[in-house]
Each structure stands twice: as structure tokens, then as C-alpha cells.
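The values are calculated or read from the model by the stated rules, or taken from the named source; none is laboratory data. Since we're looking at a predicted model, the values are computed, not measured. Methodologically, a virtual Cβ is constructed for each residue, glycine included, from the backbone with ideal geometry; neighbour enumeration extends over all protein chains shown. In case anyone asks, the SASA skips ligands and DNA or RNA and just uses the protein heavy atoms, side chains included. Shrake-Rupley method; radii C 1.70, N 1.55, O 1.52, S 1.80 Å.
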Amino acid sequence: MKRVGLVGCGTIGSRIARKIRDENLAALDFVCDLDPARAHSADPRSQVLTDLSMIREHSVDLVVEAANAEVVRAIALDVLERSDFLPFTLTALQDDDFREAVRARCREAGTRLIVPHGGILGLDGVYDGRSVIRVVTFKTTKHPRNLGLAPDTAGVVYDGPTRGACVQLPRNVNVHAAFALMGVGFDRQRSIVVADPSSKEMRHEITVTGPGIEWRLSIASTPTGEVTGSYTPESAASTVARVLGGTYDIVMA
Ligand SMILES: NC(=O)c1ccc[n+]([C@@H]2O[C@H](COP(=O)([O-])OP(=O)(O)OC[C@H]3O[C@@H](n4cnc5c(N)ncnc54)[C@H](O)[C@@H]3O)[C@@H](O)[C@H]2O)c1
């Protein structure tokens, strides 16, 4: 049975821990959160860590992150020296030097950084079609509270390359980062973020074009956490299960 470590036990992380435990998918070796009570309630049987530096003392096959961009920056290279890494916070990877260091570490160590589709759909399509795709526009509309902005903020709060959106709104555009990372990159993908005080949902509208290609994806969910929509915890837990090889019959490529 594979050994897993989990960093961040909030909306997404706690759902992942429950799935691993309920379906006996792996041995959850440690759960790490700044709040030990939160980590303990995510999985009472795992060792609780509150300090990121303690992760390196644990030998696991996979580390799953559901915390924030600073955590990804702090642990990615160290984790990838010894195990695969599945981060749900992908905005940190907009930094070319950091991303290249991650790639080099994976090559040296024979490990992988695994990118989940998280709250959106179409990551498989953009990845497999990235050599022919020309233009990607990714528009997200949320209530300003779910963007960490004053409740009366209205209108476009960002319009430009995805790289800048990752810097300006690192907690809110992880799906943009995932799509750019697996698609046309952080400079060629355009991100638009709109604050709408009347919105009760989080909506992502993605258009992808290229020779003979035109996709329009519209994905909406209601907020469950401060930044996370209702689909993401379920999607995240199922992705972890898939990565752990939970299903052995008919599987998605
Ligand atoms: N990829 C996607 O589709 C997608 C979608 C939604 C959210 N996200 C991202 O996933 C991450 C988790 O989202 P969430 O809604 O579960 O957030 P959350 O705020 O509910 O949980 C984050 C947890 O991380 C913990 N944490 C913060 N700093 C830490 C540190 N230094 N060490 C250990 N623990 C730490 C917090 O205490 C908290 O329990 C966020 O970065 C969010 O932006 C990604």
C-alpha cells in the first residue's frame, strides 16, 4: 500500500483525507496544518505535523498539497527529491526559475509533479492539443468576497497574461495556472477576472481556438470555502484516488 502525506487540511484537504480513509486507498502517514486540531480532525490516525520542515523526516510515495502558494514554494523541491508531488495550488509555478528548478529536480530524482484538473474541465484536451492550440482566454467571475476583495468591488479586476493574474490573485486563479501550465503557457494565455457582487456562483468561461478548433467551456459551481467551489473537493479527492491507482478496471487515460 502506498504511503501519502497531506499538507493543508481545509476545504479540499479534509475531503481528500476522508476519501483516503473511507476507501482505504493508501496509508496516510502524516497530515500537516498550521492548526493541529484541523489536521487531527482530518485524520485522527495520522501523525500531525504543524511545521513544514518536519515533512522531510517522513518517507512517503506521494505528498498532496492543499494549502497555499507559499507552502508549494517552501516544500516542492525537497518533496520531489524523494516522492511525487500533487499540488492543488499551482499559481507558484508561474515563476519560470522555480518551475525549471522543479523540472530539473524531477528529472534528477525520477519523481513527478502531477497537475490535477481541480475545479475545471478540459485539462486533458488542452494538454494533448497544446502544439496546435493558438489562443486561450480564461475568464472567471466570482463574488468579490470569494476574490478576497471589498464586498462592493465590481467589474474587471484583472485582464492580461495569466502570469500576472497568478501574482495578483494567487489564491483565486489556480485553475488558470493549471490550464496555462498544461497548455500554451503563462504569457500566451489571457486571464480575465471579474468581481460581481450579485453573483451567487463561481463561473469559469474558457475559449480555446486554433486551426479548425473552437471550444467554449463554461463551468459553474457554488462556493463552499472562501475560494473553493462545490465541485473542487470532490474532484480533488477523486483525482488523488486515481493517482493512487484506486480503480483497476476501466480507467481514464
Ligand atoms: N486547483 C484548483 O482547482 C483549486 C481550486 C480551489 C482552490 N485551490 C487552492 O487549493 C488550496 C487549498 O484550498 P482550500 O479551499 O482547501 O483552502 P482552505 O483555506 O480551506 O485550507 C487551507 C489549509 O492550509 C493550511 N495552511 C496554510 N498555511 C500552512 C502552512 N504553512 N503549513 C501547513 N498548513 C498550512 C490552513 O491552516 C488551512 O487549513 C488553496 O491554495 C486554493 O487556492 C485550487
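Consider a paramagnetic label point 7 Å from the Cα of Gln168 along Cα→Cβ; state which residues of the stretch 174-214 have an amide N under 11 Å from it.
191-195
Take the alpha carbon atoms of the stretch 138-202, find their center, do the same for the stretch 34-103, and report the distance between the two centers in whole angstrom.
Using only Cα atoms to place each centre, the spacing works out to 24 Å.
I'd like to check one number: the per residue accessible area of the chain, probe 1.4 Å, reported in Å² as a whole number.
On the way: 11980 Å² over 253 residues.
Ligands and nucleic acids excluded, the figure is 47 Å² per residue.
Between Ala253 and Ala154, 0.36 nm times their residue separation minus their Cα-Cα distance comes to what?
On the way: separation 99, 0.36 × 99 = 35.64 nm, distance 4.06 nm.
Stretched fully, the Ala253-Ala154 segment lengthens by 31.6 nm.
From the C-alpha coordinates alone, can you work out the Kirkwood hydrodynamic radius of the stretch 14-58, in Å?
On the way: mean 1/r = 0.0943 Å⁻¹.
10.6 Å is the Kirkwood radius here.
Using 0.36 nm per residue of separation minus the Cα-Cα distance, give me the extension gain between Asn24 and Arg38 in nm, one decimal.
Values: separation 14, 0.36 × 14 = 5.04 nm, distance 2.06 nm.
That pair, Asn24 and Arg38, stretches by 3.0 nm at full extension.
Can you list the lysines whose alpha carbon is less than 23 Å from that of Lys142, not counting same-chain residues fewer than 8 positions off?
Straight-distance partners of Lys142: Lys200.
What percentage of all Cα-Cα pairs in the stretch 184-253 are separated by more than 20 Å? If you can, show how the numbers build up before the last one.
Values: 1315 of 2415 pairs.
Tail of the P(r) past 20 Å holds 54 percent of the pairs.
What do you get for trypsin sites (Lys or Arg not before Pro) in the stretch 1-90 restricted to DSSP loop and a cutoff of at most 14 other Cβ within 10 Å of the site's Cβ?
Numbers: sites: Lys2, Arg3, Arg15, Arg18, Lys19, Arg21, Arg38, Arg45, Arg56, Arg73, Arg82; in loops: Lys2, Arg45.
Listed in order of number, the matching sites are Arg45.
Report, to the nearest whole %, how much of the accessible area of the chain belongs to carbon and sulfur atoms, 1.4 Å probe, protein only.
49 percent
So, counting K/R as plus one and D/E as minus one, what does the shell of residues with Cβ under 13 Å around Ala101 add up to?
Details: positive: Arg73, Arg99, Arg103, Arg105, Arg107; negative: Asp78, Glu81, Asp95, Asp96, Asp97, Glu100, Glu108.
Summing Lys and Arg as +1 and Asp and Glu as -1 gives -2.
So what are the radius of gyration and Dmax for the Cα set of the stretch 32-185, in Å?
Both quantities, over Cα of the stretch 32-185: 16.9, 49 Å.
Can you tell me the Rg and the Dmax, both Å, for the Cα atoms in the stretch 137-178?
Taking only Cα atoms of the stretch 137-178, I get Rg and Dmax of 9.9, 29 Å.
If the label point is 7 Å along Cα→Cβ of Tyr127, which residues in the stretch 59-92 have backbone nitrogen under 19 Å from it?
62-66, 80, 83-92
Give the residue from Phe88, Val63, Ala101 lying farthest towards the positive end of the charge dipole for the chain; charges sit on Cβ (+1 for Lys and Arg, -1 for Asp and Glu) and the dipole is referred to the Cα centre.
Selected residue: Phe88.
Need one number for the stretch 127-253: average projected area of the convex hull over its C-alpha atoms, nm². Intermediate values should be presented prior to the final figure.
Values: hull surface 34.7 nm².
One quarter of the hull surface, i.e. the mean projection, equals 8.7 nm².
What does the helix-only formula give at 222 nm for the chain: each DSSP H stretch with n ≥ 4 adding -39500 (n - 2.57), the total divided by the residues, and the result rounded to the nearest 500 deg cm²/dmol?
Values: 8 runs with 82 residues, N = 253.
That comes out to -9500 deg cm²/dmol.
Assuming 0.890 mPa s and 25 °C, estimate D for the stretch 52-122 with Stokes-Einstein, Rh taken as the Kirkwood radius over Cα pairs, in µm²/s. Walk me through the numbers on the way to the answer.
Values: Rh = 12.3 Å.
Calculated translational D: 199 µm²/s.
What distance in nm lies between label points placed 7 Å from Cα along the C-beta direction at Thr222 and Arg56?
Label at Thr222, label at Arg56, 4.5 nm between them.
Lys and Arg at +1, Asp and Glu at -1: add these up for the other residues within a Cβ distance under 14 Å of Met252 and post the number. Write out the running numbers ahead of the final one.
Working: positive: Arg242; negative: Asp124, Asp128, Asp249.
Within the 14 Å Cβ shell, the charges total -2.
Just to be sure I understand: of the beta bridges DSSP finds with both ends in the chain, what percent are antiparallel, rounded to 5? Present the calculation step by step, with values, prior to reporting the outcome.
On the way: 23 of 47 bridges.
So the antiparallel bridges amount to about 50 percent of the total.
Work out which GluC sites (Glu not before Pro) in the chain are exposed loop sites (DSSP not H, G, I, E or B, at most 13 other Cβ within 10 Å) and give the longest gap free of them.
Values: sites that count: Glu23, Glu226.
Counting at most 13 other Cβ atoms within 10 Å as exposed, the longest clean stretch of the chain is 24-225.
With point charges of +1 on the Cβ of Lys and Arg and -1 on the Cβ of Asp and Glu, referenced to the Cα centre of the chain, which listed residue (Ala37, Thr228, Gly13) lies farthest in the positive direction of the dipole?
Going by the charge dipole, the pick is Thr228.
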